[in-house]
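Here is the structure we will look at.
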Amino acid sequence: MELATSAGPLVQWSWISSQQGTILSLLLQHLELTVIAVAVGLVISLPLGVAAWRLRWLRTPLFGFAGVLYVVPSIALLSLIAPITGFFSVTTAEVALVSYTLLILLRNTLAGLESVPEDVSEAARGMGYSPAQVLLKVQLPLALPSVLAGVRVATVTVVGLVNVTALLGQGGLGQLIIQGFTEDFNTPVVVGLVLSVLLAGASDALLVLAERASTPWVPKISQTAR
């Protein structure tokens, strides 16, 4: 992606000052689209990951389908979805964004559950826990670090992909980028790119803190390594 080649300074601070309200609104829209996509992706992936962990035959079709969605170019996926969910709609944008979270979250959910020691599960059963209690009170909590690591990766991925949904008029900061190229004006492009990077970094940092707070039993070195 190349910046526009218009004459004048790369960034016009007067334009940024005059457009603060619009920029903030687009930033919040970008954040909203990201949060919704990751949350919906997690709601879908968590039970599917548990099902794939218990029923091995489900893994190939689930991961195959999620893998296909992940490798389809974003613009092509939007083109396929739009006739069904509506052009220039939030639904179209969100369906596409959720699609790119599924493979990441499924993999991490399954990896987390498979990392739970069997003797721990057996001990819980020996204490009289039902299968549902073992899952909810033992296995999923122990798998949480891996799940949260997947959430971090999915969030950073979606923050970047939201820019593409600006083609539908639902792209948050991506709309600044499109505006800049359309008007041959560098400043909106720079603002959109910089804020996207900062949002991705800030989201990842906040999720690291949330991960450490919710999984205090995991050594900090191992959490940082992920």
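Since every read-out is calculated from the coordinates, none of them should be taken as a lab result. As the structure is a prediction and not an experimental result, all values here were calculated from the model. All Cβ positions, glycine included, derive from the backbone under ideal geometry; neighbour counts span all protein chains shown.
Odds and ends about this structure:
- Taking max minus min of the alpha-carbon positions on each principal axis, the chain gives extents of 73, 40, 25 Å, largest first.
- Using only side-chain charges placed at the Cβ, +1 for Lys and Arg and -1 for Asp and Glu, the dipole size of the chain relative to its Cα centre rounds to 660 debye.
- For the stretch 13-225, averaging the sequence separation of C-alpha pairs within contact (under 8 Å, six or more residues apart) and dividing by the residue count gives a relative contact order of 24 percent.
- Rg in Å to one decimal, and Dmax rounded to a whole Å, for the stretch 44-124 via C-alpha atoms: 15.9, 53
- Averaged over residues, the count of other Cβ atoms within 10 Å places the peptides 178-187, 156-165 in the sequence 156-165, 178-187, highest first.
- Per-pair calculated FRET efficiency, R0 = 41 Å: THR182 and GLU114 via Cβ, rounded to 0.05: 0.25
- Only helical runs count toward this figure. For the chain, summing -39,500 (n - 2.57) over DSSP H runs of n ≥ 4 and dividing by all residues gives -25000 deg cm²/dmol at 222 nm.
- Candidates GLY86, VAL158, VAL116 compared by Cα position along the dipole of the stretch 76-193: farthest toward the positive end lies VAL116, with charges placed on Cβ.
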